[in-house]
Amino acid sequence: MQDRTYTEDAEPGDEATVAGWVHEVRDLGGIAFLILRDATGKIQIKFEKDEMDDDLVETGLGVSRESVVTVTGTVEEEPRAPTGVEVVPESVEVIAPADPELPLDPSGKVDAELSTRLDNRTLDLRKDEVQAIFEIRSEVLRATREQFREVGCTEITTPKIVATGTEGGTELFPITYFGREAFMNQSPQLFKQLMAGSNLERVFEIGPIFRAEEHNTPRHLNEATSIDFEGAFCDHHDAMDVVEGVVKAAYEAVAENCAEELETLGIADDFSVPEGEFPRLSYEEAIERINATGELDEQLVWGDDLPTEGEKALGADVGGHYFITDWPSEIKPFYIMDDDEDEELSTGFDLMHPRMELVSGGQREHRFEHLVEGFEQQGLDPDEFEYYTKMFKYGMPPHAGFGLGGERLLMTMLDLDNIREAVLFPRDRQRLSP
Ligand code: AMO
């Protein structure tokens with residue numbers, strides 16, 4: 001729309017047209033206010049009933065909440081107005097009237113259940129604190145991309161419809177692809193490795209991953225955003241350095257550019273950029289420390305996966321982001337390389353936030369024979385992965401990488417209770433639309 005002024009840009013003395021939603025109409029008798037809201041904020045429109053044209057007053061005050069209007073008038077200084085200015089209207093046009101029966105209250109005065117909010121995301125996003133989450137999400141993704149470019153990575157996008165799974169068979173979503181069985185991709189794992197072996201060398205991808213998770217929990221989604229990295233001539237230590245840089249860059253960018261959003265979310269005072277190196281604990285140390293907390297009914301033994309309560313106990317003990325390294329090879333996937341000196345150990349690592357796991361990564365098995373053996377050990381048919389394995393015969397350098405859960409990064413950064421708060425239209429066991 002031509003000549004439209006955002007509410008935050010309206011300056012006293014301007015002749016301006018503002019456009020947005022009717023946040024509230026406050027009728028005080030002889031004087032009344034319409035509060036108009038747009039992406040940048042709110043502005044007060046003043047109606048003096050005795051001094052203005054009746055039609056204008058009627059239109060301005062009769063309009064239902066959340067209708068879309070444009071208002072043309074003079075911007076004047078008004079210290080008592082919430083933003084210090086108000087508009088004295090010459091014309092008001094109702095562009096799109098809203099049904100007075102709203103499924104939720106965008107002013108936030110009446111709370112709504114999460115499911116009602118997710119069913120009506122358009123209205124939900126009209127609330128400042130919900131808008132703030134998605135402004136921050138956008139900033140996190142921007143900063144992440146910039147950080148990857150800083151360390152020499154090329155952004156790639158890889159297929160989401162694939163012939164094989166990589167992260168365990170039970171979590172696959174099958175689909176029909178021209179009469180053949182196909183799947184929604186669980187991870188760009190194999191594609192990003194194939195690109196680490198190309199002349200691109202260092203690649204990243206930010207895209208959807210699909211998991212038919214059994215769990216319907218506050219931290220699992222069936223479609224999540226994965227922030228993936230893969231780098232040639234990198235080992236797992238290098239990959240840990242890269243992910244540490246990315247996480248810190250995301251926090252720094254939010255601290256620097258989202259002060260208002262953090263204020264809106266009520267977390268500005270508690271928000272801090274993680275400082276110093278993230279501690280790197282071995283899996284063995286991790287289980288010892290978990291056992292020492294006494295939080296678990298049964299002591300963990302070598303080879304156990306870390307249960308959620310164990311992760312929480314360790315998180316509370318460490319008190320910040322930390323890595324768990326040197327996992328037993330048997331609980332890491334086929335593409336993870338074993339330790340050079342001890343076959344029982346792998347180069348796999350996880351990056352943890354005190355509340356939950358954010359990242360898995362590791363150095364990859366780049367030696368053809370070892371890779372094929374690994375497939376067989378995990379009961380996978382190497383022939384099905386021939387498109388992948390054969391490239392390991394034509395010069396595959398050592399490489400390493402990681403996958404970082406985008407929504408989990410946001411959830412932990414903003415202290416959200418439920419991962420669904422960080423996704424516009426979440427996919428979970430109950431939710432397939434909108
Ligand atoms: P992994 O399966 O551990 O590793 O996934 C990596 C990270 O992605 C996030 N994540 C999820 N977030 C929300 N809901 C889910 N259902 C979900 N599943 C995963 C987590 C997790 O730590 N290919 C490897 C990565 C690699 O080695 O490069 C992989 O996918 O934050």
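The values are calculated or read from the model by the stated rules, or taken from the named source; none is laboratory data. If you're wondering where the values come from, they're calculated on a predicted model, not measured in any experiment. Here the Cβ positions follow ideal geometry from the backbone for every residue, glycine too, while neighbour counts run over all protein chains shown. The accessibility values were calculated without ligands, DNA or RNA, using every heavy atom of the protein model including side chains. Shrake-Rupley method; radii C 1.70, N 1.55, O 1.52, S 1.80 Å.
Here is a check on your reading of the model: is Pro434 within 16 Å of the ligand (Cβ to nearest atom), out of contact with any strand residue (DSSP E or B) (no Cβ under 7 Å at 6 or more places or on another chain) and not in a helix (DSSP H, G or I)? Please lay out each step first, then the result.
Working: within 16 Å of the ligand (Cβ to nearest atom): no; out of contact with any strand residue (DSSP E or B) (no Cβ under 7 Å at 6 or more places or on another chain): yes; not in a helix (DSSP H, G or I): yes.
Answer is no for this residue.
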| First in region 342-371 and touching a residue at least 40 places away in the same chain (Cβ under 8 Å), second anywhere and more than 14 Å from the ligand (Cβ to nearest atom) and of a type in the set (Val, Ile, Thr), Cβ under 9 Å, 6 or more apart | Met352/Val318; Pro354/Val318
| request: Select from region 44-73 the residues that are in contact with a Gly (Cβ under 8 Å, 6 or more places away or on another chain) and over 15 Å from Asp27 (Cβ atoms) and write down the one among them that is surrounded by the fewest Cβ atoms within 10 Å (Cβ to Cβ). | output: Val68
| field | Some residue of region 221-243 being open to solvent by 30 Å² or more (accessible area, probe 1.4 Å) and within 19 Å of the chain's Cα centre (by Cα) | value | yes
| message | As an exercise: evaluate Leu118 against (1) open to solvent by less than 30 Å² (accessible area, probe 1.4 Å); (2) within 26 Å of Glu261 (Cβ to Cβ); (3) not in a helix (DSSP H, G or I) and give the number of the one condition it does not meet. | response | (3)
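Please specify each residue of region 332-359 satisfying the condition of being open to solvent by 50 Å² or more (accessible area, probe 1.4 Å) and either within 16 Å of the ligand (Cβ to nearest atom) or not assigned by TED's automatic domain parsing to the domain that holds Ala400 (or both).
Within region 332-359, the first condition is being open to solvent by 50 Å² or more (accessible area, probe 1.4 Å), and the residues that meet it are 338, 340-344, 355, 357.
Once the filter is applied, which keeps residues that are open to solvent by 50 Å² or more (accessible area, probe 1.4 Å) and either within 16 Å of the ligand (Cβ to nearest atom) or not assigned by TED's automatic domain parsing to the domain that holds Ala400 (or both), region 332-359 yields Asp338, Arg355, Glu357.
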| message | Taking the conditions exactly as written (open to solvent by 40 Å² or more (accessible area, probe 1.4 Å), more than 26 Å from Ala250 (Cβ to Cβ) and not assigned by TED's automatic domain parsing to the domain that holds Val246), does Glu309 satisfy them or not? | response | yes
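Does Val273 satisfy the condition of being in contact (Cβ under 8 Å) with a residue 40 or more places away in the chain and either over 30 Å from Thr158 (Cβ atoms) or assigned by TED's automatic domain parsing to the domain that holds Met352 (or both)? Don't jump to the end; show me each part of the working.
Working: in contact (Cβ under 8 Å) with a residue 40 or more places away in the chain: no; either over 30 Å from Thr158 (Cβ atoms) or assigned by TED's automatic domain parsing to the domain that holds Met352 (or both): yes.
So Val273 does not fit the description; no.
From the list Asp305, Asp317, which one is over 23 Å from the mean Cα position of the chain (by Cα), farther than 16 Å from Thr412 by Cα and in a loop (DSSP other than H, G, I, E, B)?
Working: Asp317 fails: in a loop (DSSP other than H, G, I, E, B).
Answer to the selection: Asp305.
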| request: Filter region 380-413 down to the residues that are under 26 Å from the mean Cα position of the chain (by Cα) and in a helix (DSSP H, G or I), then identify the one that is farthest from the ligand (Cβ to nearest atom). | output: Met413
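Which of the residues that make up region 151-160 are surrounded by fewer than 17 Cβ atoms within 10 Å (Cβ to Cβ) and within 22 Å of the chain's Cα centre (by Cα)? Explain how you work it out, then say what you get.
Here is the first cut: in region 151-160, the ones surrounded by fewer than 17 Cβ atoms within 10 Å (Cβ to Cβ) are 151-152, 154-155, 157, 159-160.
Those that are surrounded by fewer than 17 Cβ atoms within 10 Å (Cβ to Cβ) and within 22 Å of the chain's Cα centre (by Cα): Val151, Thr154, Glu155, Thr157, Pro159, Lys160.
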| message | Suppose we filter region 1-36 for residues that are charged (D, E, K, R) and either out of contact with any strand residue (DSSP E or B) (no Cβ under 7 Å at 6 or more places or on another chain) or open to solvent by less than 10 Å² (accessible area, probe 1.4 Å) (or both); how many remain? | response | 2
| query | What are the residue pairs meeting all of these: first residue in region 186-198, first residue outside any loop (DSSP other than H, G, I, E, B), second residue among the polar types (S, T, N, Q) and within 11 Å of the ligand (Cβ to nearest atom), Cβ atoms under 8 Å, and 6 or more apart or on different chains? | reply | Gln189/Thr166; Leu190/Thr166
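Please verify whether Val203 is modelled with pLDDT of 95 or more, part of a strand (DSSP E or B) and open to solvent by less than 40 Å² (accessible area, probe 1.4 Å), treating the condition exactly as stated. Can you show your working first?
Values: modelled with pLDDT of 95 or more: yes; part of a strand (DSSP E or B): yes; open to solvent by less than 40 Å² (accessible area, probe 1.4 Å): yes.
Against the criterion (modelled with pLDDT of 95 or more, part of a strand (DSSP E or B) and open to solvent by less than 40 Å² (accessible area, probe 1.4 Å)), Val203 qualifies.
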| remark: Asp119: passes all of (1) touching a strand residue (DSSP E or B) at 6+ places or on another chain (Cβ under 8 Å); (2) of a type in the set (D, E, K, R); (3) over 30 Å from Gly401 (Cα atoms) but (1)
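Output the residues belonging to region 218-235 that are within 10 Å of the ligand (Cβ to nearest atom) and of a type outside the set (Ser, Thr, Tyr).
Of all residues in region 218-235, those within 10 Å of the ligand (Cβ to nearest atom) come to 219-230.
Matches in region 218-235: Arg219, His220, Leu221, Asn222, Glu223, Ala224, Ile227, Asp228, Phe229, Glu230.
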| query | Does Leu300 meet the test of being away from the ligand (no atom under 16 Å from the Cβ), in a strand (DSSP E or B), open to solvent by less than 40 Å² (accessible area, probe 1.4 Å) and touching a helix residue (DSSP H, G or I) at 6+ places or on another chain (Cβ under 8 Å)? | reply | no
| said: Given the criterion in a loop (DSSP other than H, G, I, E, B) and within 36 Å of the chain's Cα centre (by Cα), identify the matching residue among Glu24, Glu11. | reply: Glu11
| said: Show the residue pairs meeting these rules: Cβ distance below 9 Å; 6+ apart or different chains; first residue within region 55-70 and without any contact (Cβ under 8 Å) to a residue 60 or more places away in the chain and more than 16 Å from Val18 (Cβ to Cβ); second residue open to solvent by 20 Å² or more (accessible area, probe 1.4 Å) and among the hydroxyl-bearing types (Ser, Thr, Tyr). | reply: Arg65/Ser107
